[in-house]
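Each remark here refers to the structure printed beneath this line.
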Amino acid sequence: MIAGRGALFMKRAMHIAMMITAALLLSAAAASAYALYKIDCLPANFVGRVKEPPKGRRVLVCIGDSNTQGSESSSYVDTLVQSLSSSNIEVINAGVNGDLAYNVLMRLDEVIRLDPAYVTILIGTNDANAALAVSNERRYIRIKRLPRKPDLAWFSQNLRHIIKRLRTETGAEIALLSIPVIGEDTESSPYKMSERYSREIMEIASQTGVQYLPLNEFQGEYIRSTNHTPGMQYNPSVLIFFEAALRRYLLMQSWDKISEKKGLKLTVETIHLNGRGAKMTAELIENWIYSKLRRN
């Protein structure tokens with residue numbers, strides 16, 4: 001009798017445990033889905049949502065990847081919207097998560113149709129990231145539907161084509177930004193890769209006669225001036241981005257708080273900009289825009 005009751009108790013306990021496990025798995029799945037949804041959310045001023053050029057206002061289009069889209073990082077574009085609002089400038093966000101220079105070139109028509117007065121281009125982080133691990137390279141080829149293996153030469157070719165189209169099909173003033181640092185250890189391979197791609201961007205700007213904005217150099221100077229030892233090293237796994245997104249959108253932690261907990265100064269998780277990194281980016285663009293406005 002007692003043995004029978006014990007067996008029944010164990011059966012019920014196992015059933016309850018299975019139900020709890022299932023509920024936890026469903027909750028985790030729902031949380032993950034919500035974080036992914038928030039990552040993919042496009043900003044209200046996304047270029048694809050703007051049907052026609054705003055009348056009576058000059059247009060600044062910020063072209064880029066996730067650091068421009070701003071759903072996985074602090075948004076330098078949002079800062080520009082605020083700071084340039086009194087200068088009769090409409091700021092349009094043309095950032096898409098995960099984009100390489102090739103992807104920007106493929107979607108350039110939506111920028112050109114707005115006849116922008118100013119265009120900034122902050123692209124190359126994903127091109128550089130693809131070169132840091134075979135897993136990254138394969139992921140970009142698959143997810144971003146690349147026709148070939150990404151490398152520095154192909155990046156340079158695509159960026160030059162982007163500039164050529166903008167110069168021939170718009171009257172826009174163009175500024176190229178060097179890419180943000182990758183990792184905050186100045187002696188690491190990822191950091192040096194960001195410098196390598198940034199030097200290529202600087203060379204392209206010089207050869208094509210467009211403005212060069214030295215974001216990578218600006219950030220590097222800041223890191224060195226603070227004698228910073230990062231609390232986190234670069235990791236090619238996408239899980240680090242997903243973890244940051246869960247903290248941001250489920251635990252409601254700010255990007256800066258997440259960055260601080262990881263012992264980082266400019267990035268959330270070694271790739272995406274925190275508040276300080278985004279502010280540096282916005283300041284470079286603001287200064288460039290104001291210098292153009294003073295001449296007009």
| task | Starting from the amide H of L213, placed 1.01 Å from N in the peptide plane, find each other amide H under 5 Å away whose residue is 5 or more places distant or on another chain. | result | L176, L177, S178
| Ordering of 262-271, 118-127, 135-144 by burial proxy (mean other Cβ atoms within 10 Å per residue, highest first) | 118-127, 262-271, 135-144
| Taking the Cα centre of the stretch 41-295 as the origin, how large is its charge dipole in debye, to the nearest 20, when only Lys and Arg (+1) and Asp and Glu (-1) carry charge on their Cβ atoms? | 500
| query | Looking at the stretch 190-236, which chymotrypsin sites (Phe, Trp or Tyr not before Pro) are DSSP coil and have at most 13 other C-beta atoms within 10 Å of their C-beta? | reply | none
| field | Gain on full stretching of the segment that runs from C41 to R295 - 0.36 nm per residue minus C-alpha separation | value | 87.7 nm
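Under the 0.36 nm per residue contour assumption, what length would be gained going from the current alpha-carbon distance of R138 and E286 to full extension?
Numbers: separation 148, 0.36 × 148 = 53.28 nm, distance 3.65 nm.
Extending this stretch completely gives an extra 49.6 nm.
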| Separation between the S225 and E110 pseudo-spin-labels, each 7 Å from Cα along Cα→Cβ, expressed in nm? | 3.7
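Quick one: length gained pulling A153 to D256 fully straight, 0.36 nm per residue minus the C-alpha distance? Walk me through the intermediate numbers first.
Details: separation 103, 0.36 × 103 = 37.08 nm, distance 3.46 nm.
Full extension of this stretch gives 33.6 nm more.
Output the antiparallel fraction of DSSP beta bridges having both residues in the stretch 41-295, as a percent to the nearest 5. Before the final figure, lay out each step's value.
Values: 1 of 21 bridges.
Rounded to the nearest five, the antiparallel share is 5 percent.
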| Cα to Cα, under 13 Å, and not fewer than 8 places away if on the same chain: which aspartates and glutamates meet these conditions relative to K149? | D127, E137
| query | Reachable aspartates and glutamates from K261, Cα under 15 Å, same-chain residues fewer than 8 places away excluded? | reply | E184, E243, E269
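Select from the chain the helices, each a whole stretch of DSSP H, whose alpha-carbon atoms run 18 Å or more along the helix axis and whose Kyte-Doolittle mean is at least 0.5; answer none if there are none. Please list the in-between numbers first.
Values: long enough: 2-40 (57 Å, 1.02); 152-169 (25 Å, -0.47); 189-208 (28 Å, -1.02); 275-295 (30 Å, -0.68).
The answer, listed by residue number, is 2-40.
For the stretch 164-296, what ratio Rg/Rh do Cα atoms give with a Kirkwood hydrodynamic radius? List each step's numbers first, then the result.
Details: Rg = 16.7 Å, Rh = 16.2 Å.
Taking Rh as the inverse mean 1/r over Cα pairs, Rg/Rh reads 1.03.
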| request: Whole Å is fine, so just give me how far the alpha carbon centre of the stretch 225-296 lies from that of the stretch 37-93. | output: 17
| remark: Under 5 Å from the placed amide H of E90, counting only residues 5+ away or on other chains, we find R58, V59, L60
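Taken together, the values in this text are just the output of simple stated rules run on the coordinates, not laboratory data. Fair warning: this is a prediction, and the values are worked out from it, not measured in the lab. Glycine gets a Cβ as well: all are built from the backbone with ideal geometry, and neighbour counts include every protein chain shown.
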